[in-house]
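Worksheet: one structure, shown below.
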Amino acid sequence: MSRPAIQTPSTSETEMVSRTEPSTFGYTAVHNSTFSHVPEVCVEVNTYNLSDQYPDDLVSQETFLMFSSIHSGVIVPVLFLISVSTNTINMIVFYKHGLQERFNLCVFCLAFTDTMNLIAGFLTYVQLPASIIVQAITPDATALGPVIKAVEDYNLIGLYGFNWASQLISTIVACERCYCVVRPLKSQTVLSTKTMAGIIVTVCTPVVAGFFVVSLRWNQVCNFDSNTGSITFVPGASKFYLQNRQLVDILNGTVYGFALPGFCMTVVTVMTIITVVKLKQMAKWRETTSSARSLSAKEVALTRMLVGTSTLFISCATPAFTVFTAILFVPGLRLSGPYNNTFNVLVKVHEITVFINSSFNFFVYYKFGTKFRESVNNMFHCSRKRLSKQTDTRQSESSSATRLTFRRQNNYSNTL
């Protein structure tokens, strides 16, 4: 049987790829169905048990494989469905509220980048649930080839750059709200909507484009175990990476792994604290004056919404930042290293937290945003109302047709 053109990377190449990065590429996607032949996109190998080779690893090979299957086959598809539906609603609602307002523009762009991030994750891991479904219908079929080919040919892993764009937009939102509270009059003239749009484009475009460069470092390799019938996907070093190793390592390990997450977490935390403190001071001042209560209630609602989104962002960004930092400073925490399975599990936990952050902003908006909640309720209420009206119309038409038929039958009987 002839072998495909994909080559299995050497150990040195694999270690070079993984020493400085927890890739969002999906290190290992496992399909445990037994094939009667080697799939066209895979190379036949004799795998070994990493738990036996690295006895100090805290996570066993069996535990990792089970967690990997749950992550790729259940968690990622579910979060993808949640993200697409909720972020679509977010974009519709804030578009209706008017993108000429800075805050609406920011959260609209945030919903878009979050959706793109989940699309990248789904495309990376859809190969596992797709193969399970197809294998259940046609045991000898291979559904993995087209997915892998599309991901590699079009460099779709680069879409993960929208994750960092989302983090930057969250940072921009926190800064914008803080500036509006601290300098309410200046913010109306200094920060126009066009200025905010320019800031978002200027900041996010190079970040997304840069990760498309980083994603060129990987060649996904499919290994087929002829003994167990399992398929394992591992990243191999590309020629681009071997030629530009220093540049790619700096971008992926230092910029995307440490600098950007650390910067965003720090700024969001500081801006949120300043905003909360300032609003509390303003609330105390209003208690001693004759200011209207409605303004205070509005600002309290805004504070809750800001604190809610910032808390979600910080709680989800912290594991990612911790994983990247640990990989930079713990030599054995890498692919094919002494803590290989622990490394892979941490990477997938990091991915889950990132995907959660991209999926659950809707619930924060709905809970703390009065105007947002009213818009969503009205949108679905109108949909139910239209559906109910259409149902009533059909029932009315059906009743009219029944009565007309009955009358015709009576007239016919009377004529006889």
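The values are calculated or read from the model by the stated rules, or taken from the named source; none is laboratory data. Nothing here was measured: the structure is a model prediction, and the numbers come from that model. In this analysis, Cβ positions are derived from the backbone assuming ideal geometry, glycine residues included, and neighbour counts consider all displayed protein chains. SASA here: full protein model, heavy atoms, side chains in, ligands and nucleic acids out. Shrake-Rupley method; radii C 1.70, N 1.55, O 1.52, S 1.80 Å.
Would you please put 86-94, 58-66, 261-269 in order of how densely packed they are, using the mean number of other Cβ atoms within 10 angstrom per residue and starting with the highest? Before the final figure, lay out the partial values.
Details: 86-94: 20.3, 58-66: 15.2, 261-269: 18.2.
Per-residue Cβ counts within 10 Å, averaged per peptide and sorted highest first, yield 86-94, 261-269, 58-66.
Please tell me which of these pairs span more than 32 angstrom C-alpha to C-alpha: Lys280/Lys367; Lys186/Lys367; Lys96/Lys348; Lys186/Lys348; Lys194/Lys278; Lys278/Lys348? Don't skip to the answer; put the middle values down first.
Details: Lys280/Lys367 21 Å; Lys186/Lys367 30 Å; Lys96/Lys348 36 Å; Lys186/Lys348 44 Å; Lys194/Lys278 27 Å; Lys278/Lys348 38 Å.
Going by Cα-Cα distance, Lys96/Lys348; Lys186/Lys348; Lys278/Lys348 fall outside the 32 Å limit.
Here the simple spin-label model places points 7 Å from the Cα toward Cβ, and for Ala197 and Thr325 these points are separated by 3.8 nm. Accessible surface comparison of Arg183, Arg245, Arg177, probe 1.4 Å, protein chains only, largest first: the order is Arg183, Arg245, Arg177.
Gain on full extension, evaluated as 0.36 nm per residue between Lys239 and Ser315 minus their Cα-Cα distance, stands at 23.7 nm. Label sites at Met66 and Phe363, each approximated as a point 7 angstrom past Cα along Cα to Cβ, lie 2.6 nm apart.
Please give the net charge around Thr86, taking every other residue with its beta carbon less than 14 angstrom from that of Thr86, where Lys and Arg add +1 and Asp and Glu add -1. Numbers along the way, then the final one.
On the way: positive: Lys367, Arg373; negative: Asp114.
Neighbour charge sum, excluding Thr86 itself: +1.
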